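Student: To start, I am sharing the structure in question, which I have written as structure tokens.
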Amino acid sequence: MKYLAFALAASLSALATADEATVTQVTELKATPAKDGKSVVKIFARTQVDTTGKRQPGWVEVKLKDGKTGWLSDKLVVVNPPPLAKTDARPEAKVVEAKAAPAPPPVAAPAARPRKGRVVTQVRLQAGPARDTKVVATLPANTELTVIKQEDPWVQVIAMNQQGWLKLPEVHFSTGQGGDSGVGKVFQVMQTGKSGSEAGTAGKALDPEGFKSAVHDYKELAKLDQVDASESEARAFARGARLQQRRIDYLEAR
């Protein structure tokens, strides 16, 4: 009995403050704290109300969720217990941004083997692979050089402690260097029918049907622009190769 009286006293004390409460059974919300007071609205069991903190003997003022206020018997209103603290709450997981693995360093292509050579005539060493670039130096005829890069029809060279670009026909490679100037390639084709890097078809005979179906290969024709040489360049190469000039007349048409 002592415990029940203590609980009831605690509940009544709580009703004296503003709290959420629950109606325990069906009843009527009164306009005044009296049994014969005017009925405001019918209330069902387990209806949630808010106590306003006002009390009269045996009565407590409440406010409904729709805003209506009135009086209920304090025996029918129980203050809701405070929510229990979560004891099993887990610590918030930290989101760790995954970092992409570093890309492997690029594998460098094997460097081209430098080639030795010389210029056949006096030439201008350009800053870039174009005639309109800055002239780095003027190389006298027979200046030795080292080719470090080739971008047809240009080669990048080191000569006279200067680095720059020359046209491929301006360079005569030393014997055994695995390359030749544009003029040298033309001379080699004239002698053997082969360029040295690709199999030639000059010696392949075509039958009459083959001539009828033959078409122009403009890509191969465009390659001649990469090995073009001026008359002075051709004469300088001929002198370096100790070639003798011969005049060949045109063949008579049959």
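Student: Looking at 110, 169, which is the one that is touching a Gly at 6+ places or on another chain (Cβ under 7 Å) and either assigned to a helix (DSSP H, G or I) or modelled with pLDDT under 70 (or both)? Write out each step before concluding.
Tutor: Numbers: 110 fails: touching a Gly at 6+ places or on another chain (Cβ under 7 Å).
Only one candidate qualifies: 169.
Student: Give me the residue from the stretch 59-86 that is touching a helix residue (DSSP H, G or I) at 6+ places or on another chain (Cβ under 9 Å) and in contact (Cβ under 8 Å) with a residue 60 or more places away in the chain and, out of that set, surrounded by the most Cβ atoms within 10 Å (Cβ to Cβ).
Tutor: Among them, the one singled out is 77.
Student: Quick check on my filter: what residues within the stretch 113-156 are out of contact with any strand residue (DSSP E or B) (no Cβ under 9 Å at 6 or more places or on another chain) and basic (Lys, Arg)?
Tutor: Across the stretch 113-156, the qualifying residue is only 113.
Student: Shifting gears a bit: Which residues, taken from the stretch 118-135, are outside any loop (DSSP other than H, G, I, E, B) and of a type outside the set (S, T, N, Q)?
Tutor: The answer is 118, 119, 123, 124, 125, 135.
Student: Continuing with this model, one more query. Filter the stretch 16-58 for residues that are under 11 Å from residue 70 (Cα atoms) and polar (S, T, N, Q); which is surrounded by the most Cβ atoms within 10 Å (Cβ to Cβ)?
Tutor: Here the answer is 51.
The values are calculated or read from the model by the stated rules, or taken from the named source; none is laboratory data. Small disclaimer: the values here were computed from a predicted structure and weren't measured. Cβ atoms come from the backbone with ideal geometry, glycine included; neighbour counts cover every protein chain shown.
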